[in-house]
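Peer 1: Structure provided below as structure tokens; questions to follow.
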Amino acid sequence: MDAELVKSALQGDDEALILCLQSISDQLTWTAVSLLGDRELAKDCIMETTLKVYKKRKTVKKPEFFKTWVIRILINECKDELKRSKNYISLDEHFEIASSEKENFDYVNDLVAKLPLDLKQIIVMKFFDEMNFREIGEVLKTPESTVKSRYAVALKKLRMEMEEYEQ
Amino acid sequence: MNNNNLDRWQETIKSQRIEGIDDLIRSKIENQVRRPLYFQWKVVFTGMVAVFVSFALLVNLNPRFNAFAHNNDILRPIAEMIDFTNRNDVEDAFDLDYAQQTDIHLVAGDYKLDLEYVISDYFTISLFYELTYQGEPYEGFTPPKTGPEIELVDSDGERVWTSAHNTYFEGYQWMELELIDLNAFEPLTIRIIADDDDKTESESATIQNSPYKKVEMIKQELNQAIEIDGQRIILDSLEVGAFVSRLKFHADPENSERIDQMTFSYQNGKKQAQTVSASWTPNDYTYLFAVGQLNRSGPVEVKIVEATFIQKEKIDIVMDTDTLQIEGLPNEVQVIDQSKGEDEFRFSLLNSKGNYFSAVSKELGIFGVSHSLENPSRTDFYFKSTELTPRRIEIELHESRDLKIEGQKFRLEW
């Protein structure tokens, strides 16, 4: 993301803010969709995140953390949404999936969905937000070493579940 | 691990698009920008509204004008009314990710405690929880039946907080705990104790209170002296936490009177409040204000409204428990009432200077001093005698006065 553009956005330039958010809209979509499993809810959360980013942008002191800050707000929005809906929403009806992929997708997706949220959000950030462990640590306000070990735990869990399923 | 499956899952997620998301982001922001323009449209037609809107915009958009308006006696009331620049509240704590989700669920007897979030700074912890009794929200019992106790203890089982304030935030009960010391943090254990029908049940869990999510304390050195009726206090510092601030000050050692039990009144936005608690040693004071980084509505104006002054100079008197004679009283003080029962003595003093007395006596087990608000020049003394009570009792008197204070105010800003 263009550092000068982010700086202008944080200083109150609305057009710059729009461009910054549009430049990561795909990542926002994947993050929200993978956590919520529903594109309509994901859209609502991204809109709510946009509003909060617009209102609170002046609280961001370091422009280089803009993206992690936006992702953090989005993840919190998604958590709140999950809390409101109280459960995981079935993905089948909401995803555009080629029929040949459907079985594999459903099965991996169910496994990921069953992960505890603190593990799932790390997987989501690593896979879809192209973040390294340090950046994920920034988002979660968690030490990098903890993020790494949680990531390893998440992968291990997925591996075990997959092996069990395949057997 | 079957990486192909995971890769394909990723690819599928990455193929998902929300139609028109970029346009939606643009329109969401542009709608926010247009909102003040709508008000500006009215400006053309209404002169008065124009002035008000311009003033409001200046206060909210221009930090220098904001400071000027808040420091101007005439503009301040209007400025505070329309100042939205600092309208932080608890929701902000959640938005800004200070709230730590805990997901702790404890059961003790018929009570269930769901601790959902914790927000902490370096001297307070706020617990956001739901408490139910037999499945229904717990709303307290009529005494003598009592509800459960919720405790926060350290790894040795020692309580880590000194005072608690309960209120509500949205669906949660919100308990704010002041910590005993700044290091009384981790590991913290929350415990619920139910004491019903001669049976005590409890359950506890550890709170994972991440140091990364603590609200950083803001500390300001003040070094500001205030004179109250001839006695000076020096404001030392202000420590601003999440929802509470600590004002620390000390009394000038040259003061002829000790200042005791001060009452501060302060305005946080539209809310009027008084100091919630205080601690002090003879010369150093700490007062807590229920306003912090996350719940301030604007600059906080503090007024000193009441204080008790106690003369440092003492008057030593001696009372003979047989004859009830009192020695050492100054001329302006008269004994106006005296009585002796089987195991108790009473007497009252009238001070023509109009002040009452605070008193101490090391020799008495049970000793009471009181004065009436209507007649502060009269002080009543009571003590219960025992076999160990000596014939002559030494008492140390200090002239004291309660003062209503006007016009003493200062501002807390950070």
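Peer 1: Evaluate peptide A:150-159: per residue, the Cβ atoms of other protein chains within 10 Å of its Cβ; return the mean as an integer.
Peer 2: For peptide A:150-159, the averaged partner shielding equals 1.
Peer 1: Can you put A:83, B:303 in order of Cβ neighbours within 10 angstrom, beginning with the fewest?
Peer 2: A:83, B:303
Peer 1: Further question: Cut-off under 16 Å on the C-alpha distance; same-chain residues fewer than 8 positions from residue A:55 excluded. Which lysines are left, in chain and number order?
Peer 2: A:7, A:67, B:28
Peer 1: Among A:71, A:27, A:162, whose Cα lies farthest out toward the positive end of the dipole of segment A:3-166, if unit charges sit on the beta carbon of Lys, Arg (+1) and Asp, Glu (-1)?
Peer 2: A:71
Peer 1: In peptide B:4-11, what is the residue-averaged number of other protein chain Cβ atoms found within 10 Å of each Cβ?
Peer 2: The per-residue average across the peptide is 6.
Peer 1: For an R0 of 51 angstrom, estimate the FRET efficiency from the Cβ-Cβ distance between residue B:145 and residue B:252 and round to the nearest 0.05.
Peer 2: 0.50
Peer 1: Right, next: Between residue B:272 and residue B:30, what FRET efficiency follows from the Cβ-Cβ distance if R0 is 30 Å, with the result rounded to 0.05?
Peer 2: Between residue B:272 and residue B:30 the formula returns 0.15.
Peer 1: Sorted by packing (mean other beta-carbon atoms within 10 Å per residue), highest first, where do A:33-45, A:134-146, B:15-27 land?
Peer 2: For the peptides A:33-45, A:134-146, B:15-27, the packing ranking is A:33-45, A:134-146, B:15-27.
Peer 1: If you don't mind, there's one more thing I want to ask. Over all residues in B:210-220, what is the mean tally of Cβ atoms on other chains that come within 10 Å of each residue's Cβ?
Peer 2: Going residue by residue through B:210-220 and averaging, the value is 2.
Peer 1: Nearest 20 debye, what's the magnitude of the dipole of segment B:93-213 about its Cα centre given +1 on Lys and Arg Cβ and -1 on Asp and Glu Cβ?
Peer 2: In debye, rounded to 20, segment B:93-213 gives about 80.
Peer 1: Set the Förster distance to 25 Å, then compute FRET efficiency between residue B:375 and residue B:344 from the Cβ-Cβ distance, nearest 0.05.
Peer 2: Efficiency computed from Cβ-Cβ geometry: 0.65.
All of the numbers you see were taken from the coordinates with simple rules; none came from a lab. Only a predicted model underlies this, so the values are computations on that prediction, with no experimental measurement involved. Counting neighbours? That spans all protein chains shown, and the Cβs are built from the backbone with ideal geometry, glycine included.
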